[in-house]
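Quick notes on the structure that follows.
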Amino acid sequence: MKYYSIILMLLVVCNSCQTTTKTFTEEEISLVPKPSEMVLTEGSYSFSKSTTVFIDNDKQKPAATYLSDLFKNAAGYPIAVSESRDGAAIVFSKDDNIKPEAYHLEVTPKKISIKASDAAGYFYAVQTLRQLLPASIEKANSDEKNWLVPSVVINDQPRFSWRGMQMDFSRHFFGIDDVKTFLNYMALYKLNTYHMHLTDDQGWRIEIKKYPLLTEKGAWRIESSHDKTCNELAKTDPLYSIDPTHYHERDGQKMYGGFFTQEQIKEIIAYAAERQIEVIPEIDMPGHLKAAIDNYPYLSCTNEAGWGENFSHPACLGKETTYEFTKNILTEIAELFPSKYIHIGGDEVNIQSWKECPLCQKAIKDNHLKNEHELQSFFNKDIEAFLNSKGKRLLGWDEIVEGGLSKDGTMMWWRNWAPKMRDIAAQHGNDMVITPCFEYYFDAQHAVTPFDKVYQYEPVPENFTKEQAKHILGVQANLWSEMIPNFKRLQYMAFPRMLALAETAWTSKEDKNYDDFQRRMNMQYQRLDALNIRYHIPTVTGLKDKVAFLDKATVELKAPLENMEIYYTTDGSIPTKTSKRYTAPLEFTATTKLNTIAYRGEVASETKSALIEKQTYLEPVTITPTKGALKRWSAVKQFTVVDSVALPKNAIFTTVKEINLAGKEGIEQLSMVFKGYFYAQTEGLYEFATKSDDGSLLYIGDKFVVDNGGNHSAIEKNGMVALKKGWHPITINYHEATGGGALEVFYKAPNSEKKVLNGNAIAHD
């Protein structure tokens, strides 16, 4: 019996050993961003209470501490430091041949080796190790038993030095705990630059000791228009609820606001530095300064705060007090932030104030300047010289290029509709960060800036030479907070798009592959779940905005991601998990509003709706129009949204061959109407689509086919209509609101491919 007991014990021990080691396949590994080189080998390393780490210099401490804290939080024990290299399971060592931020990571069943030449390289190796561990490493007091890491050899380095995320604290405020949480997200995905937009018209969010009114008064406001909109949306979507912790009673009124003390800023900077993240402050000037001018009105041209047609009145650049005020503020900012750059904004300045100001006009004349753009450039260069004297470099939005940019000025290119700013800066030898509005503004709805659009964007222009490309420091995404009133909403807008940005920022262009990225993302969602991140998932696919049918419609739905379930309603209600579950294609014989939703566990997509419409054929008109063109009417500043665009009685038309903005690019508040005829080559169901920035509406005769209304970035909407063979009247209304602008129109004939609407398919009378 004694022998049987020993054998049984050995079997138990062996079985226990088998549960703590395995050989992984590549399909079981998800690393974002994708490493430069990875070779998967046999076996795996198992972390335990006895695992120790050896470090031999102070640059390795932040990485080793971070790893230890992960295990202390999730497994209940830290990774202890060993005094012996030979006795340690995890060994950090210095290799001067490895580039800054790069690292070498080798995992075997017995040991983990991490090599780098700087603190960032060690830290990023640990973040890779973190992603190789089970997603439960992100949970406090996890019940995970097997902390396995696959045996791999990884050599890795970043593509860009600037891998940034921005948060806007002015429109809606986020506290220090939210900031720290967000910095941890950035660290996980090897992002290294945190841009804090601290001041704007809607609130001043940083303590300036010389000007106490900036936070005593400027950090607080009564309900704004954005607050009202959020409160209205919150009635049906709790993600729009304004964080109640930022409401305070002040002067007998309920006011929204908050700010960071300088001590809190120091705490944020130190926390970020431990995660190899540089904090860049933005103090907007000379525009977007209303929160300051409200309390120091002598700064404006009229000695009072106010608004122009689109933007607030800026600081007066003809007054010496403006230069003194801004430099006093920047003195405190420069002393507080160790960052190389200080961002001064410089965008969306209402230059009309300067045109009407005698002091500004005198400054233009006295300094031999051509116009108000050069006046702003004069201010920028003066501020830049001041920042240089403090050991800092000036950073601003791409408008700072318009009046001339100094050799050392660095710009953030955000206006897709102003590519010349990017070209001018490159030709002039100025560095830039690529942060385009249409791809990297994560406050945009996911339908407007979808996940794949973020991933597919290439930040280096095709026409750039190698020398010009060197001036692209990297990429950054922005989270403007007008419609982001709480941290859960911020998570929802940032994720998963932040991972797509991170891969572009780190991984070489040649190594990126969207299909492979999507495979890795399916596992990354588990990590986001473990981190309790409220991320966005795409809506149900396979559903058009409007589906037309004659006798019967069959609609087949598809889940956007793996392991998802679809639910739907046909009674107009919003679907939930208690609604009908989709299991097979749906059939319709009457006009119906179909609402769908997809769930991944408890995480739901947005509702996707479609009108399933029973139609009869529209009859063609009996005319012979002139093929190959439509008529176009246009107007400027007559309407604010496409839904209100209307032709005047004596509208004057021109003839155009394409439905686009040709000859009207870059005009704000532009409205257009295209009229003519569409030729249906055969009887059947036709699909039309418009892709527009901002709104567009498409009609066939009196039939409303495509509703792409509202003011928004470029999105595509579609609709279907039943047509008999022949010519049918077509009308496209379009409106562009505040910059940018895009318009394309497509059609798809029965049993045919999607095509641009032009050529012999269009005509006019």
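The values are calculated or read from the model by the stated rules, or taken from the named source; none is laboratory data. Keep in mind it's a predicted model, so treat the numbers as computed, not measured. Neighbour counts are summed over all protein chains in view; Cβ atoms, including those assigned to glycine, are modelled from backbone coordinates with ideal geometry.
General observations
- Residue ID - surrounded by the most Cβ atoms within 10 Å (Cβ to Cβ), chosen from residues in the stretch 171-189 that are farther than 21 Å from Ala120 by Cβ and among the aromatic types (Phe, Trp, Tyr): Phe174
- Selection status of Gln352, over 28 Å from Ile208 (Cα atoms) and not aromatic (Phe, Trp, Tyr): yes
- For beta carbons closer than 6 Å, sequence separation of 6+ or different chains, a first residue in the stretch 430-451 that is touching a residue at least 60 places away in the same chain (Cβ under 8 Å) and a second that is among the basic types (Lys, Arg), the qualifying pairs are Phe451/Arg497.
- From the options Lys614, Lys593, Lys691, residue that is within 25 Å of Ala722 (Cα to Cα), crowded, with 16+ Cβ neighbours inside 10 Å and in contact with a Ser or Thr (Cβ under 9 Å, 6 or more places away or on another chain): Lys614
Residue by residue, here is whether (1) in a loop (DSSP other than H, G, I, E, B); (2) small (Gly, Ala, Ser) holds:
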site: Pro33; (1), (2): yes, no
site: Lys59; (1), (2): no, no
site: Gly76; (1), (2): yes, yes
site: Glu83; (1), (2): yes, no
site: Asp86; (1), (2): yes, no
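- Neighbours by Cβ (under 7 Å, 6+ apart or cross-chain): first from the stretch 627-651, farther than 15 Å from Ile730 by Cβ; second surrounded by fewer than 14 Cβ atoms within 10 Å (Cβ to Cβ) and modelled with pLDDT of 95 or more: none
For (1) more than 30 Å from Pro419 (Cα to Cα); (2) touching a Lys or Arg at 6+ places or on another chain (Cβ under 6 Å); (3) in a strand (DSSP E or B); (4) of a type outside the set (A, V, I, L, M, F, W, C), each residue gets a yes or a no:
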{"site": "Ser692", "(1), (2), (3), (4)": "no, no, yes, yes"}
{"site": "Leu697", "(1), (2), (3), (4)": "no, no, yes, no"}
{"site": "Val705", "(1), (2), (3), (4)": "yes, no, yes, no"}
{"site": "Ser713", "(1), (2), (3), (4)": "no, no, no, yes"}
{"site": "Glu716", "(1), (2), (3), (4)": "no, yes, yes, yes"}
{"site": "His728", "(1), (2), (3), (4)": "yes, no, yes, yes"}
{"site": "His735", "(1), (2), (3), (4)": "no, no, yes, yes"}
{"site": "Phe746", "(1), (2), (3), (4)": "no, yes, yes, no"}
{"site": "Asn760", "(1), (2), (3), (4)": "yes, yes, no, yes"}
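- Only one of the numbered conditions (1) touching a residue at least 40 places away in the same chain (Cβ under 8 Å); (2) within 18 Å of Gly203 (Cβ to Cβ); (3) in contact with an Asp or Glu (Cβ under 7 Å, 6 or more places away or on another chain) is violated by Pro297, and that is (1).
- Any chance Pro244 is over 23 Å from Pro338 (Cα atoms) and in contact with a helix residue (DSSP H, G or I) (Cβ under 8 Å, 6 or more places away or on another chain): no
- Any chance Gly164 is in contact (Cβ under 8 Å) with a residue 60 or more places away in the chain, out of contact with any His (no Cβ under 6 Å at 6 or more places or on another chain), among the small types (Gly, Ala, Ser) and not in a helix (DSSP H, G or I): no
- Among (1) under 19 Å from Lys190 (Cα atoms); (2) assigned to a strand (DSSP E or B) - the single one Leu148 does not satisfy: (1)
So that you can scan it fast, the table gives a plain yes or no per residue for (1) at pLDDT 95 or above; (2) touching a Pro at 6+ places or on another chain (Cβ under 8 Å); (3) of a type in the set (S, T, N, Q); (4) in the same structural domain as Arg130 (by TED's automatic domain parsing):
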residue: Ala63; (1), (2), (3), (4): yes, no, no, yes
residue: Ile79; (1), (2), (3), (4): yes, no, no, yes
residue: Ile90; (1), (2), (3), (4): yes, no, no, yes
residue: Asn97; (1), (2), (3), (4): yes, no, yes, yes
residue: Glu101; (1), (2), (3), (4): yes, yes, no, yes
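- Unique residue being touching a strand residue (DSSP E or B) at 6+ places or on another chain (Cβ under 7 Å) and at pLDDT below 95 when the list is Leu685, Leu618, Leu630, Leu661: Leu661
- Test result for Tyr271, surrounded by 14 or more Cβ atoms within 10 Å (Cβ to Cβ), of a type outside the set (A, V, I, L, M, F, W, C) and either touching a Phe, Trp or Tyr at 6+ places or on another chain (Cβ under 8 Å) or farther than 28 Å from Ile333 by Cβ (or both): no
- Considering the conditions (1) modelled with pLDDT of 95 or more; (2) surrounded by fewer than 22 Cβ atoms within 10 Å (Cβ to Cβ); (3) closer than 22 Å to Lys290 by Cα, Lys390 is excluded by exactly one of them, (3).
- Number of positions in the stretch 32-74 that are in contact (Cβ under 8 Å) with a residue 60 or more places away in the chain and in contact with a helix residue (DSSP H, G or I) (Cβ under 8 Å, 6 or more places away or on another chain): 18
- For the condition closer than 18 Å to Phe182 by Cα, of a type outside the set (Lys, Arg) and surrounded by 15 or more Cβ atoms within 10 Å (Cβ to Cβ), Asp243 qualifies.
- Tally, over the stretch 401-424, of residues that are buried (at least 23 other Cβ atoms within 10 Å of the Cβ) and either farther than 20 Å from Tyr440 by Cα or among the acidic types (Asp, Glu) (or both): 3
- Of the residues making up the stretch 351-360, not a single one is crowded, with 17+ Cβ neighbours inside 10 Å and among the acidic types (Asp, Glu).
- The selection criterion, being in contact with a strand residue (DSSP E or B) (Cβ under 8 Å, 6 or more places away or on another chain), modelled with pLDDT under 95 and surrounded by 13 or more Cβ atoms within 10 Å (Cβ to Cβ), does not hold for Thr52.
- Every residue from the stretch 558-574 that is surrounded by 14 or more Cβ atoms within 10 Å (Cβ to Cβ) and modelled with pLDDT of 90 or more: Ala559, Met564, Glu565, Ile566, Tyr567, Tyr568, Thr569, Thr570
- Of all residues making up the stretch 362-381, the number that are exposed (fewer than 14 other Cβ atoms within 10 Å of the Cβ) and either within 20 Å of Asp423 (Cβ to Cβ) or not polar (S, T, N, Q) (or both): 5
- Against the test of being hydroxyl-bearing (Ser, Thr, Tyr) and in a loop (DSSP other than H, G, I, E, B), the options Ser353, Ser339 yield a single qualifying residue, Ser339.
- Qualifying position, being at pLDDT 95 or above and more than 25 Å from Leu528 (Cα to Cα), among Lys190, Lys180, Lys210: Lys210
- Residues in the stretch 486-538 that are among the small types (Gly, Ala, Ser), closer than 21 Å to Cys437 by Cβ and touching a residue at least 60 places away in the same chain (Cβ under 8 Å) were compared, and the one that is surrounded by the most Cβ atoms within 10 Å (Cβ to Cβ) is Ala505.
- The stretch 442-481: number of residues that are β-branched (Val, Ile, Thr), closer than 20 Å to Tyr492 by Cβ and part of a loop (DSSP other than H, G, I, E, B): 2
- Residues located in the stretch 697-717, provided they are buried (at least 21 other Cβ atoms within 10 Å of the Cβ) and either under 17 Å from Asn660 (Cα atoms) or among the basic types (Lys, Arg) (or both): Leu697, Leu698, Val706, Asn708, Ile715, Lys717
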